[in-house]
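Worksheet for the structure shown next.
The values are calculated or read from the model by the stated rules, or taken from the named source; none is laboratory data. Bear in mind that the values here come from a model prediction, so they are computed numbers and not experimental data. Here the Cβ positions follow ideal geometry from the backbone for every residue, glycine too, while neighbour counts run over all protein chains shown.
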Amino acid sequence: MAQVQKFVKNQKFAQLELQQYLGSENLNTPILNQPSENLLPKREPIKHLLIGSPKAVTNTIYRLQAIGYANIGDWSPLLPTANPGEVMSILIRQILMQ
């Protein structure tokens with residue numbers, strides 16, 4: 001039962017997120033003749049890239065951990081960019097897609 005509630009909650013959250021990108025389209029319109037396997041949630045990678053001074057990138061990584069979004073260890077090591085004094089770090093997350 002808890003799995004079903006979690007799925008419904010994630011589905012509602014995903015619809016709210018999609019509304020940000022799709023505008024006023026009706027997301028509640030049923031899709032006809034869609035195989036049932038396509039109704040199951042799927043995961044898709046999303047990549048976050050931080051670029052800036054080592055202090056700014058590190059500070060952002062710590063803030064994202066503080067709000068519970070990503071652990072510090074989930075980010076790549078700081079890598080230098082072509083610009084002097086600038087580094088980057090990447091985080092790849094799997095998000096639920098419908």
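Among the residues of region 41-56, are any at pLDDT below 90, not in a strand (DSSP E or B) and not β-branched (Val, Ile, Thr)?
yes
Applying the selection to region 66-98, what residues are in a strand (DSSP E or B), over 14 Å from the mean Cα position of the chain (by Cα) and hydrophobic (A, V, I, L, M, F, W, C)?
LEU79, VAL87, MET88
Out of everything in region 44-60 that is surrounded by 15 or more Cβ atoms within 10 Å (Cβ to Cβ) and within 15 Å of the chain's Cα centre (by Cα), what residue ends up being farthest from GLN98 (Cα to Cα)?
The residue in question is LEU50.
For residues that are aliphatic (A, V, I, L, M) and either exposed (fewer than 10 other Cβ atoms within 10 Å of the Cβ) or touching a residue at least 60 places away in the same chain (Cβ under 8 Å) (or both), tally how many sit in region 61-89. Please lay out each step first, then the result.
Narrowing region 61-89 to residues aliphatic (A, V, I, L, M): 61, 64, 66-67, 70, 72, 78-79, 82, 87-88.
The next check asks that each one be either exposed (fewer than 10 other Cβ atoms within 10 Å of the Cβ) or touching a residue at least 60 places away in the same chain (Cβ under 8 Å) (or both); those that pass are 66-67, 82.
Qualifying residue count for the region: 3.
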